[in-house]
Each structure stands twice: as C-alpha cells, then as structure tokens.
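These notes are about the structure you will find just below.
Nothing in this text is a laboratory measurement; each read-out follows from the coordinates by a stated rule. Fair warning: this is a prediction, and the values are worked out from it, not measured in the lab. All Cβ positions, even for glycine, are placed from backbone atoms using ideal geometry, and neighbour counts span all protein chains on display.
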C-alpha cells in the first residue's frame, strides 16, 4: 500500500551531528533486530523506524540514514493539491500546496514541531526530513535543502504520488522476452510492406496512370510521416505501425475520391484538363472533412490515452496531415506536369 505520512521525528542518534547511518551490509541486520518478537513489543504503537534513500559512500557502498519516527502519521498526502520544483538564488526548492483541511492540520503540525524535523515518507522510505522554522499557515510550504534540481524533482514526484487516494496492488506480473518483442516488430513490419504492396498493385491496375501517381503519393506520405517522427525522436512501436497502415488506407481513400470525381467529369463530356481541375475542386470538401474528423479523433486519443494509445495517435495525426498534403498538392502538381508535357499518357481506368 502506498504510504505518504508526514511524521515528526521523535529522537536523534548518538553521532556528533545526531544522525545514525548504516551501510548496506548492516541495514538488513538492523531491520532483523528491530523486527524481532522480543524487541518489537517495546516500541510498537509508539515508535517506527525508516531508512532514507541510498547514497554512495567513498568506498562505493550504499549507506542509509536511520530515522526514528512517531508511529502515527501526523498528516497524509491526500491533502496535497500540488507540488512543483523551483530554484531560488541558485538553490533547488519544492513548493507544496494543500487543501483547506490540510492547511488547518499542517498549521497545527508545524506549530507543534518548530525547530524539529518532519519526515516525508513513501512506501516506508524517507525521501526528505526538512526542519520546521516556523508555524506554516495557509497550506503553502517551501521545502529546501536539496542538492540539485534532480533531487527536487524526485521529491515533487513523491509528494504527488502520495496524494493518490488508492493503493497500488500488483494483480499480475508477466515478463515478455526480447525474442517475442522482436517477432512482433518483424510481423508489424511485414504487415506494412504487404499492405503497401497490395494497395499499389490494386491502384495501378484499376486507375492506370492515376494509380501510379497515387502510389507515388502514398510513398511520399510514408516518407513524410517517418521523417517527422524521426525529427521528434519518436520510437516506432507496434501501435505506431498500425497507425502507418491506417495512414496508407486514408491516403489511398483520398485519391480514390478525386479519381472518381474526375471520371464523372470525363463522363459528362468535359476535357481532360477541365475534368482534372473540377475533380480536385469538388473532391476537396469531403476529403478535408474526412481528414479533419480523423485528426480530431487522434487528438482525443492522445489527450485521454496513455502509452501505446498515444503512440498510435501521434502516428495517425502526422500521417493524416501528410496524406492531405500529398493527395491534394503532390498529385495535382504531377498531373499538371503531365498535362503540359504528355497528356496522352493520362488515364483513369
């Protein structure tokens, strides 16, 4: 269960600065002694013990600070509404905010522990034990004493994690071997290749010259999408590959709408140049609406999804933007060039 109490320290060790440290090799022995059945009854219910996060000694061995805490938490993290790291005069600090009830309790706790330490504990580990300089009212506190912003960021995460109202329980664990992951990636790559080949063969067979132009646009679309993902340093996962396959379908769908419009115009007796011009003009509205709707779907998936869902959404949004550009701009430029230089080769099936 996640534990996030602010516990007041009840005592100090016998070292010169009042602190007690234990090496990694001694930590387990200390815990074994404290948890012995003949020892535990002497402090249980009144005192608890916790170690700090590990730090490196000069010899390279981990060491921990041992804290003596009140057994009952003074305050829990459920009252925390926010925590942020900051830098004041070159020193890392963490600002923390509490709700109204938390502010009232925090004022009492800090007022009773002026010039004492209060430990911030998560999962039995003390992440910070700042000194209380004065009574804090209003619920807004500033914690200093961190070595750098990285440590301040960790404390911020701890404070926010402790504010979670539900405990974390491991229901199931599963280890996926690297061979299974490699096999999945290989199959995902094969699906993209076979899907792309099937599409370009069908388009070339059914729409002839228009099909070859559409195939070129789909290839450019894939290259654009991969280039944008590479620019942002994105990793292509299986959901991302699924987004690429879907992008190929969307790109082809846009070209199909344009070509069918052109064929209708040619059937009405218009010239090839005028049919292409009117076909693009009349197909633009439904193509734009369809792409815009799909793009907003990607935005929603990215906003409310996590992990793999966000990877799919990013690939989808980038692919949709590239598809709209290649279908409307790239193919139109190619047809304009062909109309000027070799209009006789243009056929739409």
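Before rounding to the nearest 500, sum -39500 (n - 2.57) across all DSSP H runs of length at least 4 in the chain and divide by the residue total; then give [θ] at 222 nm in deg cm²/dmol.
Computed mean residue ellipticity for the chain: -18000 deg cm²/dmol.
If eta is 1.002 mPa s and T is 20 °C, what Stokes-Einstein diffusion coefficient results for the range 194-349, Kirkwood Rh from Cα pairs, in µm²/s? Let's see the in-between values first.
Details: Rh = 16.1 Å.
Translational diffusion coefficient: 133 µm²/s.
Testing the spin-label approximation: label points 7 Å from Cα along Cα→Cβ at residue 89 and residue 197. State their distance in nm.
7.0
Can you give the angle from 0 to 90° between the axis of helix 272-304 and the longest principal axis of the chain, with both taken from C-alpha atoms, to the nearest 10?
With both axes taken from Cα atoms, the answer is about 10 degrees.
So, R0 is 51 Å and r is the distance between the beta-carbons of residue 342 and residue 61; what FRET efficiency does that work out to, to 0.05?
Working: r = 78 Å, r/R0 = 1.52.
E(calc), rounded to 0.05, equals 0.05.
Highest first, please rank the peptides 84-91, 319-326, 272-279 by the mean number of other Cβ atoms sitting within 10 Å of their residues. Write out the running numbers ahead of the final one.
Details: 84-91: 11.6, 319-326: 24.0, 272-279: 18.9.
By packing density, highest mean first, the sequence is 319-326, 272-279, 84-91.
Using the Kirkwood radius over Cα pairs, work out the Stokes-Einstein diffusion coefficient for the range 5-162 at 25 °C and 0.890 mPa s, in µm²/s as a whole number. Could you put the intermediate results ahead of the total?
Details: Rh = 16.6 Å.
Stokes-Einstein gives a translational diffusion coefficient of 148 µm²/s.
Taking the chain as the reference, fit the longest principal axis to its C-alpha atoms, fit the long axis of helix 308-325 to the helix C-alpha atoms, and give the angle between the two in degrees, 0 to 90, nearest 10.
30
How big is the antiparallel share of DSSP beta bridges in the chain, given as a percent to the nearest 5? Don't jump to the answer; show the numbers that get you there.
Numbers: 34 of 36 bridges.
Counting DSSP beta bridges with both partners in the chain, the antiparallel share is about 95 percent.
Please work out, to two decimal places, the log10 of the ratio I(q)/I(0) at q = 0.09 Å⁻¹ from a Debye calculation in which every Cα of the chain carries one identical scatterer.
For the chain at q = 0.09 Å⁻¹, log10 I(q)/I(0) is -0.72.
Compute a Gaussian network model of the chain, connecting alpha carbons closer than 10 Å, and tell me which residue from 195, 243, 60 fluctuates the most.
Of 195, 243, 60, the most mobile in the Gaussian network model is 60.
What's the FRET efficiency of residue 230 with residue 31 using the Cβ-Cβ distance as r and R₀ = 41 Å, to the nearest 0.05?
Numbers: r = 49 Å, r/R0 = 1.20.
Given R0 = 41 Å and the Cβ-Cβ separation, E is 0.25.
By how many degrees, 0 to 90 and rounded to 10, does the Cα axis of helix 149-162 deviate from the longest principal axis of the chain?
90
For the range 77-122 and the range 41-65, compute the distance between their C-alpha centroids and round to whole Å.
Using only Cα atoms to place each centre, the spacing works out to 22 Å.
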